[in-house]
1. Just one of the numbered conditions (1) open to solvent by less than 50 Å² (accessible area, probe 1.4 Å); (2) in contact with a helix residue (DSSP H, G or I) (Cβ under 6 Å, 6 or more places away or on another chain) is not true of Arg673; which one?
2. Tell me which helices (runs of 4 or more DSSP H) are completely within region 583-664 and hold 1 or more residues being over 19 Å from Gly553 (Cα atoms), more than 39 Å from the chain's Cα centre (by Cα) and not basic (Lys, Arg), or say none if there are none.
3. Can Ala684 be described as within 19 Å of Ile628 (Cα to Cα), of a type in the set (Gly, Ala, Ser), open to solvent by less than 30 Å² (accessible area, probe 1.4 Å) and in a helix (DSSP H, G or I)?
4. So for region 390-402 (the condition being within 23 Å of Asn486 (Cβ to Cβ), of a type in the set (Gly, Ala, Ser) and surrounded by fewer than 17 Cβ atoms within 10 Å (Cβ to Cβ)), does at least one residue qualify?
5. Under 9 Å between Cβ atoms, which residue pairs at least 6 apart in sequence (or on different chains) link something in region 577-606 that is more than 14 Å from Glu619 (Cα to Cα) with a partner that is β-branched (Val, Ile, Thr)?
6. Among the residues of region 662-670, are any more than 27 Å from Glu617 (Cα to Cα) and among the aliphatic types (A, V, I, L, M)?
7. State whether the residues of region 692-715 include one that is surrounded by 13 or more Cβ atoms within 10 Å (Cβ to Cβ), hydrophobic (A, V, I, L, M, F, W, C) and more than 53 Å from the chain's Cα centre (by Cα).
8. For region 741-756, enumerate the residues that are touching a residue at least 12 places away in the same chain (Cβ under 8 Å) and outside any loop (DSSP other than H, G, I, E, B).
Amino acid sequence: MKAKLRALACSTVLLVSCGSHHDRDTTDNPSHKDPLDSNKKTNDGDKNPDAKKDPDKGKPDSFGLNSQEKFEQWKSRLVKSCNVASAFSDGPTLDLSVDSKVFLEKTKSSMLLKGKDGEFLIFSKPISLQGTEHSELVKSEGNSVFKAEFKRKASQCEVYIAGQKVYTTNLYSAIPVAAHWYKDKKTPEPTLAKTIPIYMPTMKDGFIFNQRFTQSIFDAMKADDKTFSFLSELLDISKTQSELFFYASILVNIQHLATLTEYPDILPFSDMSDRVYGPRSALDNLLKPNDFQLNLKIKAPHTGNTADNSIWVLNARVSVKPDKDQLLAYSASSIEFKDPVPFSDKDTEECMLRRTQFLRNMRTNWPSFGDAKGNCQVLSGDFLNTYLNSMALKDLLQQFLLQVKSSKEADYKDWDFLLKKLVERLTKENKNVENALDPEHKVPLIKTLSNTLENMSELLKSHSKLKENESVFTDTAVQWALHGDNVDRSRISLIMDSLEHSISVFPVSTLNLIEELGKKPFDFDKELEFAKNLQENYTSLAKQIWTESKDLGVQDWFKEPFSKVIQKMFSMDQLKKWLGTLNAADSFKDRETKRLQNKVGFDRKDDFAKVVKRALEEEWKDTEFESIEVIAEFAKTTMSCNYHSSVSSLVECKESDRYSKKKGLFLDPLFERRYDDLSKIFTAMLKDIGEKGPFLKSEMQNAFFKPIWNQCSNDEVKRKEKILREFVGLWKAANDWSEQNKIQTKIRDLMSECSL
């Protein structure tokens, strides 16, 4: 069917160059921000096609009036295709999709729609298109001629008239409907969920295992037939189109149960758990043997759109019917939607305090931070900031730190993450850490940390270059405190004196060393001494290497060694060797440039960088580059490489790993460049063999690149090379096929001798 429509569309507008059809796909296009996810609250200028501020709203003089009218109609349509047939023809079009600009205009930039009668609809992330299209049309209208060009890359659609961009948008294959609720919606039949109450004998609190109370809400909010009628009226499209381009999401993305309003002490155990916990008396009320209803507060899904960036609270009512076998039947009886109102920070604080206390009673030890926050984070729009601003929650951290002895082996159960975040904020605000976190001076760890931070702050005043990286020292101070390392002022001063100079020359290496000192503050004396005594000629040489490596396209190779210059304490000789290789590579690059002048081939730009990186690893000099230039020429004799012009490309084309100084390979120093001469000799022999010996040529090529005779001495190689030339001469002179075959066997045996 799609193929027929496509053929029809192409025949309708004969001058359209029809691109290949691409199936719709859910993959996003990372190279282009789409409007539904770009945090754009408005689309200024979209409603005014002549807005000067919008570069896409041009109106070329050559645009005919009739075509202009059709084009404006195309722009205003919600469902369209990105091609000429859709914009300028009345015939059928292909790849109909939803225009994001028109969609957001109709929804007032929101992904949350509210109807007059309490209807509430939530859209999910749209489904993008894949692939690319290009269509073009030259059209006459009266005395005017204009060229219309449509370009599509994934979901992005651009329209050019007479070479001027006049429209840009994103086209989506579909937009999922995450949830839809309305007053007279019938809720699904209640689902039986087995409930097993579990009570700890010595505890006043307990658990219930069951389905989430929100399951019935999920079912009640799924899109149905009425959803598409609602969309059809709201978006001014046909019901058929609403069903084609908007579909019901399988999962309703509502946040998990946040609060049972009748029983605020009952909380879910964790985000993903089916367990609910609370005081035993409250749990007993949930299991009483008569019908009852639960009022729930639920957090509605986030749409990913800035215009809807708030926490929507759904007040829901769920009927529960227990039976004698402890099976609970849930059904959603009503849901009420209000304006976006966030849960308060107080709700979050109370939730975490109750939760932490419950878990402590259950386990007798302090819970991890992840267990403690659990679903309480749902109660806050920005949980981390709520935590950092809350004295009640800071008090939880203080209580936990009182129970832990600082050491490298201590298990901080992720509470150290919160400590680091708090310290970062306090130091930025120039506040005393101990006064803010431990005003009663109870916690030794915080006192040690506060003293260390004060020393660092004072010393950084006289170390201006390190001052810019104060946050790294703050992290280091926290790590010392957590590990139980009491680092005095003199040690901190020594560290800063040593690194003040190196930070401007080797910033990455210096910062890495500071991090390593965070783990071992009393180690790395040699490295600190090395950093302190960096000489001008050393740093100058390093800068030269960094600059030259960039010019040669191999700067990324130096990122690793330069990130550990101080740790590795590279010698001056090492830097000189690297610079020597770069200088040799620079000369090689000049020769490569000349070789490529006026040449056409399959040479790739990255081949040069690959060769130079191998050269850096093995510290090549001019001689190694000169050798590969000679040896690589032999690769041209092979069918797969004969179109390559540059040596770099020839090396990468045929057995690139053989061009190495490692034992037994072409550049092995013990060989004294013997493969330079051999490559010339073999090239001449193959030329002499000509077209009548393809199999012999292939055997000689393969043998050469093993490399040939790499276990022979240089004198043996010279002797075998002479014998080989004699054999090739005899093979060429032989007229009898049988005689040639015998000689070829001797050649094969000769080439296999002295080889790995």
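The values are calculated or read from the model by the stated rules, or taken from the named source; none is laboratory data. Given the structure is predicted, the values throughout are model-derived calculations rather than measurements. Glycine gets a Cβ as well: all are built from the backbone with ideal geometry, and neighbour counts include every protein chain shown. SASA here: full protein model, heavy atoms, side chains in, ligands and nucleic acids out. Shrake-Rupley method; radii C 1.70, N 1.55, O 1.52, S 1.80 Å.
1. The single condition Arg673 does not satisfy is (1).
2. The helices (runs of 4 or more DSSP H) meeting that bar are 622-635.
3. No.
4. No, region 390-402 contains no residue that is within 23 Å of Asn486 (Cβ to Cβ), of a type in the set (Gly, Ala, Ser) and surrounded by fewer than 17 Cβ atoms within 10 Å (Cβ to Cβ).
5. These pairs meet every condition: Phe588/Val611; Phe588/Val612; Phe588/Ile628; Phe588/Val647; Lys589/Val612; Arg591/Val647; Glu592/Val647; Arg595/Val647.
6. Checked against the condition, which is being more than 27 Å from Glu617 (Cα to Cα) and among the aliphatic types (A, V, I, L, M), region 662-670 yields no hits at all.
7. Within region 692-715, not a single residue is surrounded by 13 or more Cβ atoms within 10 Å (Cβ to Cβ), hydrophobic (A, V, I, L, M, F, W, C) and more than 53 Å from the chain's Cα centre (by Cα).
8. Listed by number, the residues that qualify are Ile743, Gln744, Lys746, Ile747, Arg748, Leu750, Met751, Ser752.
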